[in-house]
Amino acid sequence: MKDAADYLGLSPHTLYVWRHRRQGPPSFRMGPRGRVMYRREALDAWIREQEQADSRSNPALNPLSGAPEQRSRPVA
């Protein structure tokens with residue numbers, strides 16, 4: 001888990017919490033002691049998903065990239 005946390009630039013504790021909340025990248029347990037493992041390909045795919053979900057890096061999601069909305073005037 002430490003290597004995956006280093007790869008992502010996170011603390012191992014953050015990755016641990018995300019794993020238990022099922023929020024972070026996909027992981028699995030391996031071996032008799034159940035060591036938590038992350039595939040590098042899965043980490044890279046998860047990073048790409050995060051980039052696409054972020055409005056700052058995805059212009060399609062950025063509310064400032066569209067035309068400004070016109071406000072309707074109240075009827076008096």
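Odds and ends about this structure:
- In the set (1) exposed (fewer than 14 other Cβ atoms within 10 Å of the Cβ); (2) not in a helix (DSSP H, G or I), R48 fails one condition alone, (2).
- Matching residues in region 1-17 - criterion: being part of a helix (DSSP H, G or I), over 13 Å from D44 (Cα atoms) and of a type outside the set (D, E, K, R): P12, H13, T14, L15, Y16, V17
- Among all residues of region 5-24, there is at least one that is modelled with pLDDT of 90 or more, among the basic types (K, R) and either open to solvent by 90 Å² or more (accessible area, probe 1.4 Å) or touching a helix residue (DSSP H, G or I) at 6+ places or on another chain (Cβ under 9 Å) (or both).
- Exclusive hit being open to solvent by less than 60 Å² (accessible area, probe 1.4 Å) and either modelled with pLDDT of 95 or more or hydrophobic (A, V, I, L, M, F, W, C) (or both), set L43, L64: L43
- Residues in region 29-40 that are under 23 Å from the mean Cα position of the chain (by Cα) and open to solvent by 100 Å² or more (accessible area, probe 1.4 Å): 4 in all.
The values are calculated or read from the model by the stated rules, or taken from the named source; none is laboratory data. None of these values were measured; they are calculated from a predicted model. All Cβ positions, glycine included, derive from the backbone under ideal geometry; neighbour counts span all protein chains shown. Areas reflect the complete protein model, heavy atoms only, side chains present, ligands, DNA and RNA absent. Shrake-Rupley method; radii C 1.70, N 1.55, O 1.52, S 1.80 Å.
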